[in-house]
């Protein structure tokens, strides 16, 4: 693949990252009225207000504030939490691994089960199992995460009592949140896989593969699946930011100490440096996921790879 | 001659609508979905007639009662009738759907038409913004906007609308690009129609079917995001019978009163399911070549 | 010459939303060892359905009745695992559109390699060298690098050569070529046809050529079977079909060919509408378009019978009481 293409695409990252940084930066400044008073409430003394304004740098011109914010960011300094009074970076560091564990597990579950169900559904088109999978898929896609989480909790935690219902702990504590986050994604991927497989199975080259005497497994898993996966590859990455979005609700439901539940706490405590940092992280992640989707798509499809 | 060409196109698009309806009608799930939506709209309109109690009426002696003939869905911690509250909750859900769609479709369609019709740097700027907004997780972007605007149902709706316009812009732009090359647009331009008139009366009617499909998908996703914000405490505020908010409270009584969480959630699911069925049916009916 | 493939009383129906399509209606046909038999007919007459029925590659909504006997075995009764050993190994198949019949995401050698691995073909050298050798046989220049190419990097003619090479790798006894040149332009068409002729001579491969192009037939076929609306109407040596066509349909086909320019003209749309196979006309399916039809033709289906040695016709008006 052409190096220039990657370099060009890499530079196209800069603008969206700039936009994301400006957006996160302005979260504090777009608050109507005085942010310091909004954060501290109506009973704050003038000294307290002045001190907070100084701490947040609100007493300096906007562009200076932005540049100094960015310079600090470049050094890994996300500011200081107004509530916990510790560096935001440390606060997030402790939470990030939990979020990654949750989203990572959900991501793996989504692809393993999603693709499998999609293939089963497509190869047994219009069978009872196909109808079962497609119907369940629509149901799971129609549930909000928080309710799905509560229902799983109710069934497996409360009624059957086989899984812990909240908090961190052993790997068992991860099962319910991971499935809460994963099930709707399994449904989406199964539907996409099914549709793409059905599309590909009609192609002439599949008839060729069968005419060559290849067994069904090779026809389906090599010739059809590879082609059916190409449009799905972008989704592998595009889905990551959405998983982080879902994690906010899921973590709150299961009291999972990740970045998402931190974000919600920070919003209620008006802890702006923390909110800004998390929005910035997820925003940057979104931009990078888009970039990776674009690049991988180029790598995986020889036709596009050649066009460069 | 040119006029008659233009008119022919318009007539044809009317019969296209009829054909779309015929194809839609054949899809059983889509009809089920349509049925669900109609029932929910009727419930929202006639909630005062259908509800056995006022949604705010407290029966302090009957707190957290399981479902019975007196309280079909049971009661909450104030002894309020959950059946009545779930019925009233449909009003919030549909309000969210309508308001969000109205705002995001207006913004998205306008920007999409402009982007596709004029092209150039305007297109570039709009589409770059769309790329970012579109791929950003909707809930987090909405959360960030709620942080600025403050919590509350109206602010939540505005936030969701400010996230949702991107998919309209993207689709409308793509369709505009192809429609503007068609002969009847050329013809309109050659008889000196203004850009605005061409956009409004020639291009817009031809992208309408895609917009309709987007709307039927946008409504359920708006309802889900809004209920999530309410669940997190940043959307509808007590004593609203909003489904998401109800579940947020019900969560505390999950072991004691599971019905409290189950029914409002079922209501959300059914509503969303109805719109998704209609959306799928409409998509297949509008683009028949995609049906596999 | 022995008979390598015998189709007996074959019926194929497709269940569709609009009803049952009776695509093949009682076809009986023999393919002799070492010959090129051309199956000719208009688009939609069912010739491709026959080829797919032989390979058992029809979609699930098709029901097949009758017998397809290949080297003494009825293919329609073979278990799927046995059938897979026939496909590609015993019977090769080349398709109409070389642009879509190779998998876009695998290289040429990767797709050809499968034949060697699945059918455990004997190799004297490495599989890759065998592949390069095969590509050389079908006259692909720069075969080593072409083997490593993806299909989209090759022209249509090149891709059809790859298909031929691939199907040739197992040295099949029967090659079904389903409109192998239709999607190619005229000069490439001739090259591919010559290539197939050459292969037939060198490898003694039997070829069932399916086409709607009488020009192609004249160039390459030994015998011709004419198909109309799911039925075989005439089978004869190639010279007979062109010089002495007996069935009214064949005759109108041949009349439609301008003299001396047989290669260029195609049959489509010459004769008006092909009948709707949802509700095919009763009796002889050609009778609504036949100038000689009488009440007998609308009654029962005419049996195919040998009217002259090696010349079979299914028509009440031909044989015994030849009029005109």
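The values are calculated or read from the model by the stated rules, or taken from the named source; none is laboratory data. What you are looking at is a predicted structure, and each value in this text was computed from that prediction instead of being measured. With ideal geometry, Cβ positions are generated from the backbone for all residues, glycine too; neighbour counts draw on all protein chains shown.
The residues of the range C:75-95 that are at the interface with chain A (Cβ under 8 Å from one of its Cβ atoms) and crowded, with 19+ Cβ neighbours inside 10 Å, listed by number, are C:84, C:86, C:87, C:88, C:89, C:92, C:93, C:95. Of all the listed residues (B:274, B:265, B:244, B:279), the sole one being modelled with pLDDT of 95 or more, within 11 Å of chain A (Cβ to nearest Cβ), crowded, with 20+ Cβ neighbours inside 10 Å and within 30 Å of residue C:17 (Cβ to Cβ) is B:274. Taking the criterion of being in contact (Cβ under 8 Å) with a residue 40 or more places away in the chain and at the interface with another protein chain (Cβ under 9 Å from one of its Cβ atoms), the residues of the range A:217-239 that qualify are A:230, A:238.
Restricting attention to the range B:253-262 and to residues that are touching a residue at least 60 places away in the same chain (Cβ under 8 Å) and out of contact with any helix residue (DSSP H, G or I) (no Cβ under 6 Å at 6 or more places or on another chain), the residue that is surrounded by the fewest Cβ atoms within 10 Å (Cβ to Cβ) turns out to be B:256. Among the criteria (1) away from every other protein chain (no Cβ under 14 Å); (2) outside any loop (DSSP other than H, G, I, E, B); (3) buried (at least 21 other Cβ atoms within 10 Å of the Cβ); (4) touching a residue at least 60 places away in the same chain (Cβ under 8 Å), the one residue C:184 does not fulfil is (2). Taking the numbered list (1) out of contact with any helix residue (DSSP H, G or I) (no Cβ under 9 Å at 6 or more places or on another chain); (2) in contact (Cβ under 8 Å) with a residue 12 or more places away in the chain; (3) at negative phi in turn, residue C:79 passes all entries but (2). Annotation note: Cβ proximity below 6 Å between a residue of the range A:146-173 that is away from every other protein chain (no Cβ under 13 Å) and a residue that is surrounded by 19 or more Cβ atoms within 10 Å (Cβ to Cβ) (sequence gap 6+ or interchain) occurs for A:163/A:157; A:163/A:176.
Taking the range C:76-89, which residues are over 25 Å from residue C:112 (Cα atoms) and in contact with a strand residue (DSSP E or B) (Cβ under 8 Å, 6 or more places away or on another chain)? Correct list: C:76 only.
Of the helices (runs of 4 or more DSSP H) lying entirely inside the range A:203-308, those carrying at least 2 residues that are touching a helix residue (DSSP H, G or I) at 6+ places or on another chain (Cβ under 7 Å), modelled with pLDDT of 90 or more and within 27 Å of residue A:184 (Cα to Cα) are A:225-254, A:259-268, A:272-300. Selection over the range C:147-156 of residues that are more than 17 Å from residue A:208 (Cα to Cα) and either surrounded by 22 or more Cβ atoms within 10 Å (Cβ to Cβ) or in contact (Cβ under 8 Å) with a residue 40 or more places away in the chain (or both) gives a count of 4.
For the range A:33-54, the set of residues classified as out of contact with any helix residue (DSSP H, G or I) (no Cβ under 8 Å at 6 or more places or on another chain) and assigned to a loop (DSSP other than H, G, I, E, B) consists of A:33, A:41, A:42, A:43, A:45, listed by residue number.
Scoring residue B:54 on the criteria (1) over 19 Å from the mean Cα position of the chain (by Cα); (2) loosely packed, with under 14 Cβ neighbours inside 10 Å; (3) touching a residue at least 40 places away in the same chain (Cβ under 8 Å) leaves a single failure, condition (3). Each residue in the range C:48-90 was checked for being over 16 Å from the mean Cα position of the chain (by Cα) and assigned to a strand (DSSP E or B), and 9 pass. Selection of the range B:247-262 for residues being more than 7 Å from chain A (Cβ to nearest Cβ) and assigned to a helix (DSSP H, G or I) yields B:248, B:249, B:250, B:252, B:253, B:259, B:260, B:262.
Would you check if there is a residue in the range A:278-295 being out of contact with any strand residue (DSSP E or B) (no Cβ under 8 Å at 6 or more places or on another chain), under 19 Å from residue B:147 (Cα atoms), more than 9 Å from chain B (Cβ to nearest Cβ) and surrounded by 22 or more Cβ atoms within 10 Å (Cβ to Cβ)? Checked against the condition, which is being out of contact with any strand residue (DSSP E or B) (no Cβ under 8 Å at 6 or more places or on another chain), under 19 Å from residue B:147 (Cα atoms), more than 9 Å from chain B (Cβ to nearest Cβ) and surrounded by 22 or more Cβ atoms within 10 Å (Cβ to Cβ), the range A:278-295 yields no hits at all. Scan the range B:218-241 for residues that are surrounded by 24 or more Cβ atoms within 10 Å (Cβ to Cβ) and more than 8 Å from every other protein chain (Cβ to nearest Cβ) and the total you get is 11.
Residue count for the range A:83-126 under the criterion of being under 19 Å from residue A:221 (Cβ atoms) and more than 24 Å from the chain's Cα centre (by Cα): the result is 7.
Among the numbered criteria (1) surrounded by fewer than 20 Cβ atoms within 10 Å (Cβ to Cβ); (2) in a helix (DSSP H, G or I); (3) more than 11 Å from chain A (Cβ to nearest Cβ), which one does residue C:141 miss? Evaluating residue C:141 over (1) surrounded by fewer than 20 Cβ atoms within 10 Å (Cβ to Cβ); (2) in a helix (DSSP H, G or I); (3) more than 11 Å from chain A (Cβ to nearest Cβ) leaves (2) as the failure.
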